[in-house]
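Structure first, commentary second.
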Amino acid sequence: MKYRIDIERYSPEKKSYIESFYYETDSETETVANALAFLNAKSNLKNADGQDAEPIGWECGCMQKKCGACAMVVNGRPALACDSRLSRCGKVIRLSPLKKFPVVRDLIVDRSVMFENLKTIKLYFEDNADFGEETAGIAYEASRCLQCGCCLEVCPNFIAGGTFTGMASAVPVTRLFAELPAEKIKELSKLYNKHIFEGCGKSLACRNICPAKIDIEKMLVNSNAAAVWKRVFRHQEGVKKWKNQDLK
Ligand code: SF4
Ligand code: SF4
Ligand code: FES
């Protein structure tokens, strides 16, 4: 199959333009990331018009859906390049950078605002965590977040630099709600309410976009229960149950 890959290219000098490339493979499993890596490996890269082209700017770390670095917009939908099979993309594939972050070059964006947001809501343990068998599942699910930013791309309420930090921080913070001791949850709840609960429209437009297939709705429900309704999932007398916490 011969694919035409239309790439939204950008550099501060040339601004934004579309450049097309051809890539041919019979493999059913090759991905957008494989195609970009192959094109960039050429010493004399030519575009679809046969003209010399600059190497394509894009990021990757693992090629295994583990690092989130290759997030971009594939045919109008945010996705990981290493998780986007060419055979499912159609013969003409459009690649653009994520739009919620400043573009550095071509498909590379500066996602540092997302990492700063994790500091804003204090997404770290200062003391020992309260690990429990019953919270392990929630904590594990929350910790699978890749910080790829795909959920922020589709969120109508997220603006980089705004107060609302979006699902990319709402998901990992669920781990803290599951494992922090009760007295620490009160402080975290204030930050959660300000930066997540009050800004989230609960539309769940982000629900089916996560490349890590995290159950976003479940994470949100757990965190809302802890921060807003003061209920935390805890082991109690050997029975799994929601336990009211006196956090007032
Ligand atoms: S539920 Fe809606 S507002 Fe909330 S993070 Fe998801 S897309 Fe954004
Ligand atoms: S919740 Fe999913 S889509 Fe959002 S940043 Fe984490 S891994 Fe990416
Ligand atoms: S390169 Fe790591 S997720 Fe795609």
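Among the residues making up segment 144-164, those that are among the small types (Gly, Ala, Ser), surrounded by 13 or more Cβ atoms within 10 Å (Cβ to Cβ) and under 23 Å from Glu59 (Cα atoms) are Gly149, Ala160.
Taken over segment 84-98, the criterion of being out of contact with any Ser or Thr (no Cβ under 7 Å at 6 or more places or on another chain) and either in a strand (DSSP E or B) or surrounded by 14 or more Cβ atoms within 10 Å (Cβ to Cβ) (or both) is satisfied by Ser87, Cys89, Val92, Ile93, Arg94, Leu95, Ser96, Pro97, Leu98. Whether a residue is among the acidic types (Asp, Glu) and within 26 Å of Lys99 (Cα to Cα) was assessed, and Glu141 does not pass this test. For segment 117-137: of the residues being within 14 Å of ligand 2 (Cβ to nearest atom) and in a helix (DSSP H, G or I), which is surrounded by the most Cβ atoms within 10 Å (Cβ to Cβ)? Filtering first and then ranking leaves Asn117. Within segment 212-239, the set of residues being modelled with pLDDT of 90 or more, closer than 18 Å to Lys184 by Cβ and in contact with an Asp or Glu (Cβ under 7 Å, 6 or more places away or on another chain) is empty. One residue alone among Ile138, Ile108, Ile93 is touching a residue at least 24 places away in the same chain (Cβ under 8 Å), under 24 Å from Gly201 (Cβ atoms), away from ligand 1 (no atom under 16 Å from the Cβ) and of a type in the set (Val, Ile, Thr), and that residue is Ile138. Is it true that Thr25 is surrounded by fewer than 12 Cβ atoms within 10 Å (Cβ to Cβ) and not acidic (Asp, Glu)? For Thr25, the condition - surrounded by fewer than 12 Cβ atoms within 10 Å (Cβ to Cβ) and not acidic (Asp, Glu) - is not met.
Hey, can you tell me all the residues within segment 60-77 that are over 12 Å from Leu107 (Cα atoms), more than 12 Å from ligand 3 (Cβ to nearest atom) and in contact with a helix residue (DSSP H, G or I) (Cβ under 9 Å, 6 or more places away or on another chain)?
Here is the first cut: in segment 60-77, the residues over 12 Å from Leu107 (Cα atoms) are 61-68, 75-77.
From what is left, the residues that are more than 12 Å from ligand 3 (Cβ to nearest atom) are 75-77.
Within segment 60-77, Arg77 is the sole residue that qualifies.
Being at pLDDT 75 or above, outside any helix (DSSP H, G or I) and among the aliphatic types (A, V, I, L, M) is true of Ile209.
In segment 50-68, the residue that is surrounded by the fewest Cβ atoms within 10 Å (Cβ to Cβ) out of those that are touching a residue at least 40 places away in the same chain (Cβ under 8 Å) and within 16 Å of ligand 2 (Cβ to nearest atom) is Lys66. The residue that is farthest from ligand 3 (Cβ to nearest atom), counting only those in segment 163-181 that are at pLDDT 95 or above and assigned to a loop (DSSP other than H, G, I, E, B), is Thr163. Scanning segment 192-217 for residues that are more than 16 Å from Asn117 (Cβ to Cβ), more than 12 Å from ligand 2 (Cβ to nearest atom) and among the charged types (D, E, K, R) gives a single hit, Lys202.
The values are calculated or read from the model by the stated rules, or taken from the named source; none is laboratory data. Predicted model, so just to flag it, every value in this text is computed and none were measured. Note that we place each Cβ from the backbone using ideal geometry, even for glycine, and neighbour counts take in every protein chain shown.
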